[in-house]
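> Right, I'll just put the structure down here and ask away after.
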Amino acid sequence: MSPRLVVVDPDFEAQCEQVSRHLLVPMAESTRGGHGHDVLMEGVAAFRSISESLTAAVERGPRVWTPNGRWEHEGLRIVDLPTAHIDLLYSVLRELSGALVKPADSAHPTGTAAALRSLDSSGEGTAVRLVGTMARVLSLMDLTADKDTDTLTAALEAADGHEVRLTYAQEDAWQRLAHRLTMLLTEEAPLHRFLY
């Protein structure tokens, strides 16, 4: 297990649901008996386990407040996520990404490539969009540590499960982290959705 700083908000939860329901589960079912099936089934189980851990962490708390105590930074948590699960999901992501770049002119695609093609039967680029969503979700589950994540992790750990009221320096760290998360979630310029 590895403790990780994670922000679980409704957009992140919606993207996790998209990855599970529209990518991992259909891909595992489509590749049954073929190449890549086992790793996809393990990926579904790992993703489900991580989602349950994230939900439990949000319910457990602590609640995190702005310095003035008026606004809550919903979903900022430290979560113990198994490194093996994260590594497995990166392996699944590599498998899916590799299948996306296989030549499309193959007359008889098999395994993962065929399953991804079936996701794209509408011609809307669904497979590329869903694999991109999975990459963003993994980036949010496995944030690269920096000064801001260290500052916020220390604040949450020091609270020992009690409510946290951020200092102004910690709030600045939150704002920078929120900017980074918004970029990961939306792949766009932040719309100040975490600012008050």
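> Could you please put Ser118, Ser91 in sequence from largest to smallest accessible area, using a 1.4 Å probe?
Ser118, Ser91
> Per residue, how much accessible surface does the range 1-90 expose to a 1.4 Å probe? Answer in Å², no decimals.
On the way: 4360 Å² over 90 residues.
I get 48 Å² per residue for the range 1-90.
> What does the charge count near Leu177 come to, summing +1 for each Lys or Arg and -1 for each Asp or Glu among other residues with Cβ under 11 Å from its Cβ?
Cβ neighbours under 11 Å give a net charge of -2.
> Can you give the translational diffusion coefficient of the range 3-90 in µm²/s, computed by Stokes-Einstein from the Kirkwood radius over Cα pairs at 10 °C and 1.306 mPa s?
Estimated via Stokes-Einstein, D reaches 111 µm²/s.
> So which GluC sites (Glu not before Pro) in the range 1-102 end up in coil per DSSP with only 14 or fewer other C-beta atoms within 10 Å?
Glu74
> Would you rank Asp172, Asp142 by solvent-accessible area, highest first, keeping every protein chain in place and using a 1.4 Å probe?
From most exposed to least exposed: Asp172, Asp142.
> If Arg63, Arg94 are ordered by their accessible area, calculated over protein heavy atoms with a 1.4 Å probe, which sequence runs from highest to lowest?
Arg94, Arg63
The values are calculated or read from the model by the stated rules, or taken from the named source; none is laboratory data. As the structure is a computational prediction, the values presented were derived from the model and not from experiment. Virtual Cβ from ideal backbone geometry, glycine too; neighbours counted across all protein chains shown. Note: accessible area is taken over every heavy atom of the protein model, side chains too, but ligands, DNA and RNA are not part of it. Shrake-Rupley method; radii C 1.70, N 1.55, O 1.52, S 1.80 Å.
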